[in-house]
1. Using only Cα atoms, find the angle between the long axis of helix 79-96 and the longest principal axis of the chain, and express it within 0 to 90 degrees, rounded to the nearest 10.
2. Roughly how many percent of the accessible protein surface of the chain is carbon and sulfur, given a 1.4 Å probe and a whole-percent answer?
3. What is the distance, in nm, between label points placed 7 Å from the Cα along the Cα-to-Cβ direction at Ala48 and at Gln30?
4. Say the dipole of the chain comes from +1 at the beta carbon of Lys and Arg and -1 at that of Asp and Glu; which of Thr97, Pro54, Leu79 then lies farthest toward its positive end?
5. Assign unit charges at the C-beta atoms only (+1 for Lys and Arg, -1 for Asp and Glu), then state the dipole size of the chain relative to its Cα centre in Debye, rounded to the nearest 20.
6. Pop a pseudo-label 7 angstrom from the Cα along the beta-carbon direction at both Trp117 and Gln75 and give the gap in nm to one decimal.
7. Angle check, please: helix 14-32 long axis (alpha carbons) against the longest principal axis of the chain (alpha carbons), in degrees 0 to 90, nearest 10.
8. For the range 22-132, give me the percentage of DSSP beta bridges that are antiparallel, rounded to the nearest 5 percent.
Amino acid sequence: MPFVRISLPKKLSLETKNNISESIHQSLIQEFNIPAADYFHVIEELEAHQIKYPESYLEISHSDEIIYVQITAGQGRTLEQKKRLYHQIATRIASTTSILINNVIIILLENNGLENWSFGNGEIQEQKHLKK
């Protein structure tokens, strides 16, 4: 049940934006074992002046095609699953778009408990319907 917010430059093509979203979704399916229908993404298009970044951080260079991927998900994944997820997301994006792997910034926020999610009707859905 991840929720994904993708912040990126407005100048990128619709095809690139869709490929980024699909790359993230397929990586979540593969590495976090989410159902294919669990696809909740917001793509936030920003003007160049709204995206701040260093030219280099931790010896990794960045450019004006930097993208930020924020994933909110339930707790319970191992460190190895997280490492594989980050690698899959960055590799898939770099292989399906012009975005370089060093320009993919990923932030994972974990929350605890199904009571922190509502997928409609103003209700907390029953646990039997949801996976982390």
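1. 50
2. Whole-percent figure for carbon plus sulfur exposure: 51.
3. Placing both labels 7 Å along Cα→Cβ, they lie 3.3 nm apart.
4. Value computed over the given set: Leu79.
5. 280
6. 1.5
7. That helix lies at roughly 50 degrees to the long axis.
8. Of all bridge pairs located within the range 22-132, approximately 20 percent are antiparallel.
The values are calculated or read from the model by the stated rules, or taken from the named source; none is laboratory data. In this text, all values refer to a predicted model and were calculated from it rather than measured experimentally. Positions of Cβ are backbone-derived with ideal geometry, glycine not excepted, and every protein chain shown enters the neighbour counts. With ligands, DNA and RNA removed, areas are computed over all heavy atoms of the protein, side chains included. Shrake-Rupley method; radii C 1.70, N 1.55, O 1.52, S 1.80 Å.
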